[in-house]
Amino acid sequence: MSIRIIDNFLDEKYFYKIQSHIEKNHFPWFYRDNITNGEENSIGKYGFNHILIDGKPTYNIDILNGLIYEMIKATGSKDIFRSRLDMTVNRGESIVLDPHVDFFFPHISSILYINNSDGNTIIYNQKYNDHDKYDQKLIVKEEIEPVANRLLIFDGLFIHTGCTPSKNNRRILINSNFRYREL
């Protein structure tokens with residue numbers, strides 16, 4: 001699977017409803033010491049997230065039902081097994097977060113950018129494997145700019161990361177993981 005970018009992924013009015021819901025001041029965000037891998041006491045790698053699906057829905061996602069359906073179609077997947085909102089905030093400089101994979105088995109990853117921001121997503125040429133793990137010389141395959149309503153789809157075993165914004169207050173996205181369709 002190659003990297004796919006779909007701009008203007010959702011109908012503009014529908015996307016605006018989702019964006020407005022997520023960007024509300026009272027939307028619940030949960031602090032994490034390390035936004036990429038959850039390690040506690042990880043200085044400077046913090047962020048906020050909100051789990052939407054973890055095997056099953058964990059949040060009332062009525063407004064997101066159409067989005068989930070469209071992402072499943074776009075990925076060619078059979079189903080989604082995790083989806084979460086992530087938010088990183090401006091710290092005065094752009095910080096490259098920890099390179100990682102979301103899961104250690106074959107899967108499809110996607111990122112839907114909720115707002116226009118800086119803080120690119122970096123996808124490396126190297127895939128995670130049980131032998132090398134993260135002990136590989138990472139070479140950038142592609143950097144993707146966060147653009148509202150842009151969907152990024154890629155093989156979830158590609159090591160990847162994000163950067164914190166330095167020109168915008170926050171970078172918000174929905175990170176989702178899908179099973180490959182069985183033949």
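The values are calculated or read from the model by the stated rules, or taken from the named source; none is laboratory data. Owing to the predicted nature of the structure, the values given are computational and were not obtained by experimental measurement. Reconstructed Cβ throughout: ideal geometry from the backbone, glycine too, with neighbour counts over all protein chains shown.
Scanning the range 85-94 finds one or more residues that are surrounded by 19 or more Cβ atoms within 10 Å (Cβ to Cβ), hydroxyl-bearing (Ser, Thr, Tyr) and modelled with pLDDT of 95 or more. For residues that are surrounded by 17 or more Cβ atoms within 10 Å (Cβ to Cβ) and among the hydrophobic types (A, V, I, L, M, F, W, C), scanning just the range 96-108, find the one that is nearest to Asp132 (Cα to Cα). Applying the filter and picking the extreme gives Val101.
Counting only residues that are in a loop (DSSP other than H, G, I, E, B) and in contact (Cβ under 8 Å) with a residue 12 or more places away in the chain, the range 12-29 holds 3 of them. If I filter the range 109-125 for residues that are farther than 12 Å from Gly162 by Cβ, free of Cβ contacts under 8 Å to residues at least 60 places away in the same chain, surrounded by fewer than 12 Cβ atoms within 10 Å (Cβ to Cβ) and out of contact with any strand residue (DSSP E or B) (no Cβ under 7 Å at 6 or more places or on another chain), do I get at least one hit? No, every residue in the range 109-125 fails to be farther than 12 Å from Gly162 by Cβ, free of Cβ contacts under 8 Å to residues at least 60 places away in the same chain, surrounded by fewer than 12 Cβ atoms within 10 Å (Cβ to Cβ) and out of contact with any strand residue (DSSP E or B) (no Cβ under 7 Å at 6 or more places or on another chain). Are any of the residues in the range 133-143 closer than 23 Å to Trp29 by Cβ and without any contact (Cβ under 8 Å) to a residue 60 or more places away in the chain? Checked against the condition, which is being closer than 23 Å to Trp29 by Cβ and without any contact (Cβ under 8 Å) to a residue 60 or more places away in the chain, the range 133-143 yields no hits at all.
Within 14 Å of the chain's Cα centre (by Cα), over 22 Å from Asn169 (Cα atoms) and at pLDDT below 95, is that true of Ile80?
Numbers: within 14 Å of the chain's Cα centre (by Cα): yes; over 22 Å from Asn169 (Cα atoms): yes; at pLDDT below 95: yes.
So Ile80 passes the test.
Restricting the search to the range 168-183, which residues are more than 16 Å from Met87 (Cβ to Cβ) and either charged (D, E, K, R) or part of a strand (DSSP E or B) (or both)? Result: Asn177, Phe178, Arg179, Arg181, Glu182.
The set of residues from the range 126-153 being surrounded by fewer than 22 Cβ atoms within 10 Å (Cβ to Cβ) and hydrophobic (A, V, I, L, M, F, W, C) comprises Leu138, Ile139, Val140, Ile144, Val147, Ala148. If you go through the range 142-157 and pick out every residue that is over 11 Å from the mean Cα position of the chain (by Cα), farther than 11 Å from Thr121 by Cβ and outside any loop (DSSP other than H, G, I, E, B), you end up with 1. Scanning the range 15-28 for residues that are of a type in the set (Phe, Trp, Tyr) and surrounded by 15 or more Cβ atoms within 10 Å (Cβ to Cβ) returns a single hit, Phe15.
Which of the residues that make up the range 51-64 are in a strand (DSSP E or B) and not hydrophobic (A, V, I, L, M, F, W, C)? Break it down into steps so the answer makes sense when it comes.
Going residue by residue through the range 51-64, those that are in a strand (DSSP E or B) are 51-54, 56-57.
Of everything in the range 51-64, those that are in a strand (DSSP E or B) and not hydrophobic (A, V, I, L, M, F, W, C) turn out to be Asp54, Lys56, Pro57.
For the range 149-162, the count of residues that are modelled with pLDDT of 95 or more, under 26 Å from Asn8 (Cβ atoms) and of a type in the set (Ser, Thr, Tyr) is nonzero.
Out of everything in the range 42-69 that is out of contact with any His (no Cβ under 8 Å at 6 or more places or on another chain) and of a type in the set (Phe, Trp, Tyr), what residue ends up being surrounded by the fewest Cβ atoms within 10 Å (Cβ to Cβ)? Walk me through it before giving the result.
First, the residues of the range 42-69 that are out of contact with any His (no Cβ under 8 Å at 6 or more places or on another chain): 42-58, 60-62, 64-69.
When the remaining residues are screened for being of a type in the set (Phe, Trp, Tyr), the result is 46, 48, 69.
Working: Tyr46: 17, Phe48: 17, Tyr69: 11.
Only one residue fits best here, namely Tyr69.
Only a single criterion out of (1) out of contact with any Asp or Glu (no Cβ under 8 Å at 6 or more places or on another chain); (2) among the aromatic types (Phe, Trp, Tyr); (3) assigned to a strand (DSSP E or B) is not satisfied by Phe48, namely (1).
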